[in-house]
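Everything below concerns the one structure shown next.
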Amino acid sequence: MPRSKARLLELEADKGERLAACDLADIAAADPFLCLRLLREAESHRAQRLGHETTSPLGTVMQLGTDAVHKLMLECPETDESNIGLAECEARAHLASRLALRWGAARADISPDEVAMAALLSEIGELLLWSFAAELPLAALAALHSGRSPRSLQAQVDTCGFRFKDLTLKCALIWHLPSLLTQLIRGIDNNRANLSRLCVDTARHISSGPDDPALPADIAAAKEIIPGASLEWLAEQLPGLDEEHVAAIALKAADLLDPTHH
């Protein structure tokens, strides 16, 4: 995304020196295209050296070295931010990764960085379509908004013949992305994978507004993965909600988990 290059130059101007690995990783963690680029680069290096799989933004920067990352960020072609569909999809992916960091921190057995990276990359199939074949996601949106298809996944299958997430998984296979990340993106095998998928779904729902009817079910599902967290705390981690919305969503989530709790 153009903002990543701008951020790099701005921070370096402020500091008067090249950025450290953790600063570069922070920029990458907020940009699915950049994160994917670095990951693919790191994996090709790892294949030559037989190192460990790279499963976090910081890991990719460490694998490549700060000089190589700096050079790649300055030389990369940029995406078109004026593409509204792409910008909205990218914002959802970024939101899903931030949510994974917040929710994942409440469970000691979950590595939030890895779950966040999987959540960030989960929409890469749709992002590629917006970049290179925008007529496909546009057709899916039209089917959804006209009511011909009841849900976004159904709209994708009805108009394009495949789920956009399946394109993400196909790309992950072709690009030899780390098997752990692919498993987390698939989102069905264990608590961490379930959390990654849930963050992606919740980001989609919160993007349509705080009154989205699916949000209480998302919070109830999060509670089952993170039993130590309260429903209120889980709802508070969603961006852009006031206290009233948080309370209403938590109450409905409690009803879903135990209809007799009143």
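Just so it is clear, none of the values below were taken in a lab; they were calculated from the coordinates. Remember, predicted model here, so these are calculated numbers, not experimental data. Virtual Cβ from ideal backbone geometry, glycine too; neighbours counted across all protein chains shown.
Per-residue Cβ neighbour counts within 10 Å put Ser196, Ser208, Ser56 in the sequence Ser208, Ser56, Ser196, beginning with the fewest.
Paramagnetic label reach from Leu11 (point 7 Å along Cα→Cβ; backbone nitrogen cut-off under 16 Å): within the range 105-136, no residues.
Quick one: net charge around Cys89, please, counting Lys, Arg +1 and Asp, Glu -1 for every other residue with C-beta under 11 Å from its C-beta. With Lys, Arg at +1 and Asp, Glu at -1, the net is -2. Along its first, second and third principal axes, ordered by size, the chain spans 58, 41, 37 Å in Cα coordinates. Dividing the helix sum by the residues of the chain, where each DSSP H run of 4 or more adds -39500 (n - 2.57), gives a mean residue ellipticity at 222 nm of -22000 deg cm²/dmol.
The Rg/Rh ratio of the range 124-262, with both radii computed over alpha carbons and Rh defined as the Kirkwood radius, is 1.02. Applying 1/(1 + (r/R0)^6) with r as the Cβ-Cβ distance of His145 and Ser82 and R0 = 22 angstrom yields a FRET efficiency of 0.55. Among Asp158, Asp14, Asp67, which one shows the highest mean-square fluctuation when the chain is modelled as a Gaussian network with alpha-carbon springs under 10 Å? Of the options given, Asp14 has the highest mean-square fluctuation. The equivalent ellipsoid of the range 82-190 has semi-axes of 26, 15, 13 Å, largest first, where each one is the square root of 5 times an eigenvalue of the Cα gyration tensor.
Each of Cys22, Cys199, Cys160 was scored by other Cβ atoms within 10 Å of its Cβ. Arranged with the fewest first, they read Cys22, Cys160, Cys199. Per the Cα gyration tensor, the range 209-262 maps to an equivalent ellipsoid with semi-axes of 16, 12, 10 Å, ordered largest to smallest. Take each peptide in 34-43, 131-140, count the other Cβ atoms within 10 Å of every residue, and average; sorted highest first, the result is 34-43, 131-140. What's the exposure ranking of Trp175, Trp233, going from fewest to most Cβ atoms within 10 Å? Ordered by Cβ neighbours within 10 Å, fewest first: Trp175, Trp233.
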